[in-house]
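Presented below is the structure to which this report refers.
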Amino acid sequence: MTSATLSRIQFGMTLSFHYLFPPLTIGLGVIMVILEAMYLKTGDEAYQQATKFWAKIFALIFAIGVATGIPMEFQFGTNWAHYSRFVGDVFGSALAAEGLFAFFLESGFLAILLFGWERVGKKTHFMATLAVASGSIFSAIWIVIANSFMQTPGKPGQAYRLVDAGTPQAHLVLVHFADLVFNQSSMQRLSHVLMAAFQAGAFLVISVAAYYLIKNRHERFARISMKTALIVALLAAAGQIITGDLSAREVAKYQPAKLAAFEGHYAAHAPAGMSIMGWVDPAHRRVDYDLAIPGMLSWMLYGNTHAPVTGLDAFKKRDQPPAQVVFQTYHAMVAIGMVLMLLAMLGVFFWWRGTLWTKTWFLRILVVSVILPEAGNQLGWFSAEVGRQPWIVYGLLRTVHGVSSAVAPGEIVASLGMFFFMYVLLTFLFFYLLNHKIAAGPADPVAQAQQPNVPLLYHDRAAT
Amino acid sequence: MPVRRAREASLLQVIWFILVGMLFTGYAILDGFDLGVGMLHMLGKTDLDRRLMLNSIGPIWDGNEVWLVTAGGALFAAFPGVYASMFSGFYLPLMMLLTFLILRAVSIEFRSKQPQKAWRLAWDIGFSLGSLGAALILGIAVGNLTMGLHLNARHDYTGGLLDLLHPYALLVGITTVALFLMHGSIYLVMKTEGDLRQRIEPWVNRAIIFFIMCVAATTMATLLYIPYVGRHFRAHPWMFVFALANMLAIANIPRAMHLKKEFQAFMSSCFSIVMLMCLLAGGIFPYMMISRPRVNSLTVFNAANTPHALSIMLILAIIGIPLVASYTFAIYWIFRGKTRLDITSY
């Protein structure tokens, strides 16, 4: 295998693994802010207890997010050196902004959020929680801006200018920073990613709360958490319909090859339908077993079922993304979005009817529901990133030309093996600790008030 | 007008060289004591000792590692050429560094979760080994950057892994380990009390002696084998201030320890790291990756981004850095004082 293929496998694997965690922290951040605001407003200790519990879960996920995030940043240089040189002048400022405005905010104030309850006042503590939640969102903002530039760099003279074109030293230079931040797709994609992250965090809370409700444990805590998370999940699901539509329009306008791959639409210039499911047959350039609404895509984009949509045939073979992967991941993501909407609506409906708390069959579904937004986030990114292929910066630099020439395939095989081993260990760690924290449950505020800061010595056999 | 432009451009490039240097210095100071505590961890006799030592960095080690991410990001942002050549050139060592850092993080999280002796011992070893390995690789990287590497006309590294393990680079690696041992032991004295503190105090002196021996050897080796590093010092003798200040700072550590002013000793150790980084930067400037042949080197001036990009990032930095500095200080202030174990500890 070539360095380019191996580097893609490694980046894809490490990114997928990393991206299991940040959406959960972004969503949990919002929920912690709501819970702690309720604590400040009502003074009800149950809200404080809930905030404390979710902060512990947040910290665990954040720690794994940091541990898996460092390899992401390193790989731009280690595996994609030519890409880094090509895009550094433009891309750099977004990464620098992420470091300065997001990472420190999140990691610094997390210490206060976790360990600072006794050391700072209530309002200061709330500000720390707010800072942590904002930090995780800022991080998403800058990284989505950077990624969106790779998807839709825009016209020369807006965000970038190409210099030394045609030579090995060809690279981009920054022209307008504002055009980088507000590039053709950044705001649509950012809103879509944030909604998906809110859904992930909300369904994590819903899953754990449902588990406690089934087991009849920590009922007050579970109800508070469930209610808060259901509202967030419902609003985010509603928002997702709007942002998904915005994103699709943006893709249609600026990345027509990707849109064509989403729907397996081959004919260069013809009305397009919207599939519900199907199987792309690239050899015959069609979709088999296609369950589609004819003309629907044309209507969604242009308000006319007969409006032509650019198809894959309009692109040279070497400029087409692999349609099957893009088609399947995209449709699975959309299907998951619909199910999440339905679950949130049912949850709120049963809550309104007052039957949610004892409806065991529904709670059982909710226990595993967190898998759905996690899968949706992964699938959405697959369709976005694979849909951009064969480009690493759309229309400007091919993925195969971005790879490092100083690194031999054997070295990448070695690092792939290392990442695989470490990530298996991290997965084990994550589930072990998560299970540990969920089994322990939220701390009882009364018992804690009676015995503040008890040294945790009962495990220390060696100490005696 | 073009002359003024060029001067502004090179000023921006130098400013960013200093800013990136500051971020790496911040990382060395903060993760330096973290890694030092990790390396010293196995010297703790009882389980309680080890937990106290581990929890002395409990609330902050994660945040300290963020400095590495930001420093790497800033290097990418300001000098993408250096970032690309350095990271792809140091491929396997950096992958090892990642392994050690992840192993360390996993060990910290796992260690105190089960009571069995073997379980805790295994993660104690992971924590120590991860810390030692990370410190050693960081030092070896610095050694290679000082010594120079084989780069081709596209600035891609053409040497192999064994070239990176040159004796000089290994010497700098060991010096870095010694520095972090000293830094970490002082931090531990500052954060512990009673019996444990008394047992840690002698480690400080041993670490200082080890460190001074390493520094002397590294200095001699540098002057003998890498003479280009001395050229600015010969041309501008005032730069010896850095070396002098470094010696005074190190000399002050035993004095301050003896007077039980461990915070002052820790500050001296931090200051010593700053001076060492100044010596390094002053020695290699304007080279960021010096090459054999010299003509393929990456310098502050040929590897930097355009002045326009640098000036936009400078605005971001002027807004961001005071914010980061002020709340980092506030957080350390809130968590000042001796480490005690409670329900939230590792």
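The values are calculated or read from the model by the stated rules, or taken from the named source; none is laboratory data. The shown structure was predicted, so the numbers you read here are calculated from the model rather than taken from an experiment. Don't worry about glycine lacking a Cβ; one is built from the backbone with ideal geometry, like all the others, and counts go over all protein chains shown. Just the protein is used for accessible areas: all its heavy atoms, side chains included, with ligands, DNA and RNA removed. Shrake-Rupley method; radii C 1.70, N 1.55, O 1.52, S 1.80 Å.
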* Find the residue count for segment B:112-135, including only residues that are open to solvent by 60 Å² or more (accessible area, probe 1.4 Å) and within 24 Å of the chain's Cα centre (by Cα). => 3
* Asked: Checking B:ARG199 against (1) assigned to a helix (DSSP H, G or I); (2) touching a residue at least 60 places away in the same chain (Cβ under 8 Å); (3) surrounded by fewer than 21 Cβ atoms within 10 Å (Cβ to Cβ); (4) touching a helix residue (DSSP H, G or I) at 6+ places or on another chain (Cβ under 7 Å), which single condition isn't satisfied?
  -> (4)
* Unique residue being out of contact with any Lys or Arg (no Cβ under 9 Å at 6 or more places or on another chain) and within 27 Å of B:MET182 (Cβ to Cβ) when the list is B:GLY21, B:GLY73 -> B:GLY21
* Structure fact -> Exactly one of A:PHE104, A:PHE91, A:PHE126, A:PHE149 is more than 22 Å from A:GLY387 (Cα to Cα), in the same structural domain as A:GLY43 (by TED's automatic domain parsing), under 22 Å from the mean Cα position of the chain (by Cα) and outside any loop (DSSP other than H, G, I, E, B), and that one is A:PHE104
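Quick check on this structure: which one of B:LEU162, B:LEU170, B:LEU138 is away from chain A (no Cβ under 14 Å), open to solvent by 10 Å² or more (accessible area, probe 1.4 Å) and not in a loop (DSSP other than H, G, I, E, B)?
Values: B:LEU162 fails: away from chain A (no Cβ under 14 Å); B:LEU138 fails: away from chain A (no Cβ under 14 Å).
So the residue among B:LEU162, B:LEU170, B:LEU138 that is away from chain A (no Cβ under 14 Å), open to solvent by 10 Å² or more (accessible area, probe 1.4 Å) and not in a loop (DSSP other than H, G, I, E, B) is B:LEU170.
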* To do: Residue by residue through segment B:229-251, note down the ones that are open to solvent by 30 Å² or more (accessible area, probe 1.4 Å) and farther than 25 Å from B:ILE209 by Cα.
  => B:ARG231, B:HIS232, B:ARG234, B:ALA235, B:HIS236, B:PRO237, B:TRP238
* Residue by residue through segment A:110-139, note down the ones that are buried (at least 24 other Cβ atoms within 10 Å of the Cβ) and within 7 Å of chain B (Cβ to nearest Cβ). => A:ILE112
* To do: Could you tell me whether any residue of segment A:312-326 is touching a His at 6+ places or on another chain (Cβ under 7 Å) and not aliphatic (A, V, I, L, M)?
  => no
* Scan segment A:99-109 residue by residue and report those that are within 29 Å of A:HIS176 (Cβ to Cβ) and either facing chain B (nearest Cβ under 7 Å) or in contact with a strand residue (DSSP E or B) (Cβ under 9 Å, 6 or more places away or on another chain) (or both). => A:GLY99, A:LEU100, A:PHE101, A:PHE103, A:PHE104
* Asked: Given the residues A:PHE421, A:PHE362, which is the only one that is open to solvent by 50 Å² or more (accessible area, probe 1.4 Å) and in a helix (DSSP H, G or I)?
  -> A:PHE421
* Of everything in segment B:176-196 that's surrounded by fewer than 24 Cβ atoms within 10 Å (Cβ to Cβ) and not aliphatic (A, V, I, L, M), which residue is nearest to B:ILE140 (Cα to Cα)? -> B:THR192
* Structure fact -> A:SER93 passes all but one of the listed conditions (1) more than 7 Å from chain B (Cβ to nearest Cβ); (2) of a type in the set (Ser, Thr, Tyr); (3) surrounded by 22 or more Cβ atoms within 10 Å (Cβ to Cβ); the exception is number (1)
* Does A:LYS215 qualify as being open to solvent by 20 Å² or more (accessible area, probe 1.4 Å), under 30 Å from A:THR358 (Cβ atoms) and without any contact (Cβ under 8 Å) to a residue 60 or more places away in the chain? -> yes
* Failed item in (1) hydrophobic (A, V, I, L, M, F, W, C); (2) touching a residue at least 12 places away in the same chain (Cβ under 8 Å); (3) open to solvent by 10 Å² or more (accessible area, probe 1.4 Å), with B:VAL69 passing the rest -> (2)
* To do: Among residues belonging to segment B:252-307 that are assigned to a helix (DSSP H, G or I) and among the polar types (S, T, N, Q), point out the one that is most open to solvent (accessible area, probe 1.4 Å).
  => B:GLN264
* **Members of segment A:1-42 that are open to solvent by 40 Å² or more (accessible area, probe 1.4 Å) and outside any helix (DSSP H, G or I)** => A:MET1, A:THR2, A:LEU20
* To do: Would you check if there is a residue in segment A:201-219 being assigned to a helix (DSSP H, G or I), of a type in the set (A, V, I, L, M, F, W, C) and at pLDDT below 90?
  => no
* Have a look at B:LEU310, B:LEU323, B:LEU314, B:LEU341 and point out the one that is touching a Pro at 6+ places or on another chain (Cβ under 6 Å) and either closer than 18 Å to B:SER10 by Cβ or within 10 Å of chain A (Cβ to nearest Cβ) (or both). => B:LEU341
* Any residue in segment A:248-266 that's over 12 Å from A:GLY387 (Cβ atoms): show its pairings with residues that are among the charged types (D, E, K, R) and in a helix (DSSP H, G or I) at Cβ separation under 6 Å, as long as the two are six or more apart or on different chains. => A:TYR266/A:ASP313
* Residues of segment A:63-74 satisfying the condition of being in contact with an Asp or Glu (Cβ under 8 Å, 6 or more places away or on another chain), open to solvent by 10 Å² or more (accessible area, probe 1.4 Å) and within 21 Å of A:ASN147 (Cα to Cα) -> A:VAL66
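With the requirement that a residue be of a type in the set (Phe, Trp, Tyr) and either part of a loop (DSSP other than H, G, I, E, B) or at the interface with another protein chain (Cβ under 8 Å from one of its Cβ atoms) (or both), what does segment B:56-94 give you?
We begin by selecting, within segment B:56-94, every residue of a type in the set (Phe, Trp, Tyr); these are B:61, B:67, B:76, B:79, B:83, B:87, B:90-91.
The answer is B:PHE76, B:PHE79, B:TYR83, B:PHE87, B:PHE90, B:TYR91.
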* Asked: Got at least one residue in segment A:350-360 being among the basic types (Lys, Arg) and at pLDDT 85 or above?
  -> yes
* Within the set of pairs 6 or more residues apart or between chains, which connect a residue that is more than 9 Å from chain A (Cβ to nearest Cβ) inside segment B:95-124 to a residue that is open to solvent by 30 Å² or more (accessible area, probe 1.4 Å) and assigned to a helix (DSSP H, G or I) with Cβ atoms less than 7 Å apart? -> B:SER107/B:TRP123; B:ARG111/B:TRP123; B:ASP124/B:MET42; B:ASP124/B:ARG50
